[in-house]
Amino acid sequence: MTEPPAAVRAAEPPPDPSPAPGRITNRPPGYPNALVWLRAGILRDWRGVLGAFVATWFYLPVALFAAVWGGVLGAFVSVFAGALGTEDQLPAAIRDTPLVGDLLDAVLSRSGGVLGGFVGFALGAVGGFLIVVLLPWREVLDEPFALLAGLLGTTVAAALIGLLYTIYRVLLEPRLMVVSGARELSRREQARLLPILEDCARRLGLPTVPRLLIEDGAVLTNARTYTRHIVITSSVLDEPDEEIAALFSHELVHWRTGDEVTSAFVRGVALPLTLAHALPTWLMRTFPHTGTKFVVFLIFWPILLTMRYVVLPLHAQDVRAAEYRADLGAVFTGHVEGLRSVLERRRSFEGGRSGWDEAVCATHPPHELRLDRLDRTTEQPAVAPVPLTTETLFGRPGDFGTPRSWLVAGLVVAALVVGTAGLGVVQWAFFRPQSAVDGYFDALADRDADAALDLLDPGAVPTADRELLADLIRGDGYEPPTDVEITAIEREEETATATISFRLAGTEQQAELRLHRAESATAGLFHGWRLQDGLATVGLPPGRDGLTVNGVPIPSPSEDSPPISLLPGVHTASAPGSALSEVPTEKIVLVPGQTTGAAFALAPVLRPEVTATAQERVRAYLDECAKQTVAAPTGCPFDHSGGTVQKISWEILEYPEVVVNLLGPDTARVSTPAEGQGRVRATGTETYFGGPSPFDDEDQVAVVGLLTASGDTLTFQPGNGDD
């Protein structure tokens, strides 16, 4: 039946496309959320999922192997049985059956065993096939409910593996692209390709575009769409813009409709078979010699045939429909001629990066049929055409609560009922007190404060401190506990006490951790454990500004500030110095639950060069005093007593030594020890008993004062040091 041609109605160009927002970046627009996007792709190709499920979970390659060899053995036996007669070869029950026994005897004996060989092959093949398929169920074949439970459990397991594999492909796709050899575009490549990609997206009504990557070294022009990326080969750069635009239009439709999500789920359901299929296909691609391919086929033929003639044919219907739909993207954007040119000149422009990809690409419609579909779509009919819009091209994603989605939810609920027995195993394996302790110290080793704090008792850490603790644990001065070992666990109903040993700063440490069972349940099922003594407290010197712990600034504590809470480990604290003093870096070891006895002193120490600086300041001070020509120089540590001085001059014969003692980070007391006093000389004339009398006196001199720092400047202030 001929399909009516469709008319093309372009979409209103939206704003410039940009990477898709949200937690899963670069996912296609048009879906209310990521769940609807995944659901639309996962539930679309039920035939492909069914084929993947049956072929993988009913061991179809093994059954095929058994069928072939069973058939060969049956044929071999039947040929000789037919040639030698049937008296001793056929079972007595069959040989004695009226008419049937005589008929088989006549046929087999007169056919020379050839016909018996065919029958034997058929019977042996069916028998070998059924043995493999039914053998895993032999113990429950007579128990309908157990058989139903087993089938349901297998179905749920396959669905969960497919779902997890799909999520894995979606979430880790950027890393997988890098590992597979794809790279970011250079600026020149961006200038060439991104405008074309964004223009095609605008014409398709797409407000966002997938991330575009490029693969070097490929000879053929090739493009491949993934869930959040489009990967092209560097050969695309040699193509005309029209053909590149057609290629991008095609790939954008694949991206928008979530075709790779569909393929990923089918591949996930058949994951064991897919992994087994990857080895022979890799060998064939790596060693393309005919002899090598033949040897590989002889070894892996059950897997190759199962994939080619069971899984892929059922998946191919959706793949072909997706290809025809993606071709309409070029029609929609007005790049029909570019796509036609690509299809006419090339065998394919979508190649595989794996055996699965190559096998799927082999199911694409022939190019002649795709060209024919293009011609029929772009013809102008005599009657009103069916408009080709974004809605007819992409369809409606629907809501998450569709009947199919509820069916999936029902299967999940059924799986939970069937898997109740396994919940206890999961609880024991992952939600014991040991798991919480191990997870806590693993998080410390990974410097993952959020993961560590999530294992602590709720409310133990104020919300405002979480960011600070996260910064502190990631700081350069932090050292987590190592060689952690749980030596004992004592549990009493909803509480437990764990005794642990570990190493900190090269020293063996021990601690006890109290735990309690969490009231909230993970996934609504499993009650984990929370640590009550996971943090330690440490005091900080009050009134100090600029304190840092592990390189992270800490608010200035006051006299009334309580100790701060830190995660266990070795922490490094520092404080700013001044021109007068410096604060040595200080390390402190904190064990879990430590609440007393830990405090950073951060005591300032005198800078080594300050004493010499103080000596210079004192000498300058004394020199200024010596310039005064009075008997008692103002503010100076020496004077002359006697008669009335008519003339006087001062000379410093020996400067005193000084000792500097810190009074605070910015203040120090300067004094002269008894054994380090200097000497000063006073000469001049004084009135003595009514007449002038010369004098020449010497005296000891000592200095006392304060040395203060202001910025980078040190200032000496003479005095008694009490001010």
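The values are calculated or read from the model by the stated rules, or taken from the named source; none is laboratory data. In this text the structure is predicted, and so the values were computed from the model without any measurement. Glycine gets a Cβ as well: all are built from the backbone with ideal geometry, and neighbour counts include every protein chain shown.
For every residue, the table says whether it meets (1) modelled with pLDDT of 90 or more; (2) in a helix (DSSP H, G or I).
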{"residue": "GLY181", "(1), (2)": "no, no"}
{"residue": "ASP199", "(1), (2)": "yes, yes"}
{"residue": "ARG202", "(1), (2)": "yes, yes"}
{"residue": "LEU213", "(1), (2)": "yes, no"}
{"residue": "ALA218", "(1), (2)": "no, no"}
{"residue": "ARG224", "(1), (2)": "no, no"}
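Tell me the residue from VAL209, VAL179 that is under 18 Å from PRO28 (Cα atoms) and either of a type outside the set (Ser, Thr, Tyr) or not assigned by TED's automatic domain parsing to the domain that holds GLU260 (or both), please.
VAL209
Of LEU176, LEU172, LEU163, LEU247, which residue is under 30 Å from VAL54 (Cβ atoms), out of contact with any Leu (no Cβ under 7 Å at 6 or more places or on another chain) and buried (at least 17 other Cβ atoms within 10 Å of the Cβ)?
LEU163
Determine if the range 500-508 includes at least one residue that is without any contact (Cβ under 8 Å) to a residue 12 or more places away in the chain, in a strand (DSSP E or B) and surrounded by fewer than 17 Cβ atoms within 10 Å (Cβ to Cβ).
Yes: one or more hits.
Tell me whether the range 244-262 contains one or more residues that are closer than 22 Å to LEU164 by Cα and not in a helix (DSSP H, G or I).
Yes, that holds for at least one residue.
Report yes if GLU651 is exposed (fewer than 12 other Cβ atoms within 10 Å of the Cβ) and more than 20 Å from THR611 (Cα to Cα), otherwise no.
yes
Within the range 544-573, which residues are surrounded by 14 or more Cβ atoms within 10 Å (Cβ to Cβ), over 33 Å from the mean Cα position of the chain (by Cα) and over 18 Å from GLY664 (Cβ atoms)?
Hit for the range 544-573 is PRO563, nothing else.
Anything in the range 231-273 that is within 11 Å of VAL342 (Cβ to Cβ), hydrophobic (A, V, I, L, M, F, W, C) and touching a residue at least 60 places away in the same chain (Cβ under 8 Å)? List them, or say none.
ILE244, ALA245, ALA246, LEU247
Among the residues of the range 631-647, write down those that are touching a strand residue (DSSP E or B) at 6+ places or on another chain (Cβ under 7 Å) and surrounded by fewer than 19 Cβ atoms within 10 Å (Cβ to Cβ).
ALA631, GLY635, GLY642, GLY643, THR644, VAL645, GLN646, LYS647
Considering every residue within the range 123-132, establish whether at least one is surrounded by 15 or more Cβ atoms within 10 Å (Cβ to Cβ), of a type in the set (Phe, Trp, Tyr), touching a helix residue (DSSP H, G or I) at 6+ places or on another chain (Cβ under 8 Å) and at pLDDT below 85.
Among the residues of the range 123-132, at least one is surrounded by 15 or more Cβ atoms within 10 Å (Cβ to Cβ), of a type in the set (Phe, Trp, Tyr), touching a helix residue (DSSP H, G or I) at 6+ places or on another chain (Cβ under 8 Å) and at pLDDT below 85, which makes the answer yes.
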